[in-house]
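Taken together, the values in this text are just the output of simple stated rules run on the coordinates, not laboratory data. Nothing here was measured: the structure is a model prediction, and the numbers come from that model. As a convention, Cβ positions derive from the backbone with ideal geometry for all residues, glycine included, and neighbour counts pool all protein chains shown.
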Amino acid sequence: MKESPLKVESYFFTHVDVRANINFDADKLENIDLETNIDFLRNTEERDLWQVTLTVELDAEKNEFAPYVGGIEVVGMFRHPPIEDDDKDETKLRRIIGATTPAILYSAAREMYLMVAGRGPLPAALLPTVHFRDTIPISANESNEGSEVKAKKMSK
């Protein structure tokens with residue numbers, strides 16, 4: 001195992017909304033539809049420092065029969081060591097930041113959702129596993145809005 005040069009400085013939740021859905025029907029639930037929004041902010045003075053904000057939304061209309069709806073927002077601070085001033089290295093760094101940091105934050109959001117839903121009146125459901133490999137912050141401060149994820153129902 002090799003340690004990653006990408007370091008998680010910290011992360012915290014700025015919004016947690018997990019509501020029991022009165023329309024829940026396990027027999028009619030086929031998908032859990034969620035949308036993600038990712039904002040990347042790069043520190044202009046400390047170029048190795050990134051702030052990444054991930055928002056995960058489970059819209060009640062799109063998830064009519066899901067056990068829980070709502071949204072979670074998690075903000076993370078990440079560091080990656082300096083790289084050469086080469087365009088190729090900068091592109092590689094942006095690919096690492098774009099794919100890895102939201103995946104780390106999504107795992108935290110997934111666990112928060114499960115923890116809150118697990119204390120609710122309905123059966124807890126895992127959020128689907130997702131990837132962000134095609135997410136690349138093109139400029140220093142960029143948002144990747146409206147990524148939509150669909151996952152098939154998971155059996156117990």
#### Entry: In order through the range 109-126: 3J(HN,Hα) via Karplus (6.51 cos²θ - 1.76 cosθ + 1.60), integer Hz, x for Gly, Pro
5, 4, 5, 4, 4, 5, 5, 5, 5, x, 9, x, x, 10, x, 6, 10, 6
### Task
Please name whichever of VAL18, LEU29, PRO123 sits farthest to the positive end of the charge dipole of the range 1-133, dipole taken about the Cα centre and charges placed at Cβ: Lys and Arg +1, Asp and Glu -1.
PRO123
### Task
Using a/c under 1.5 as the rounded threshold, could you call the range 1-105 rounded, prolate or oblate? The axes a ≥ b ≥ c are square roots of the C-alpha gyration tensor eigenvalues, and prolate needs a/b larger than b/c, oblate otherwise.
prolate
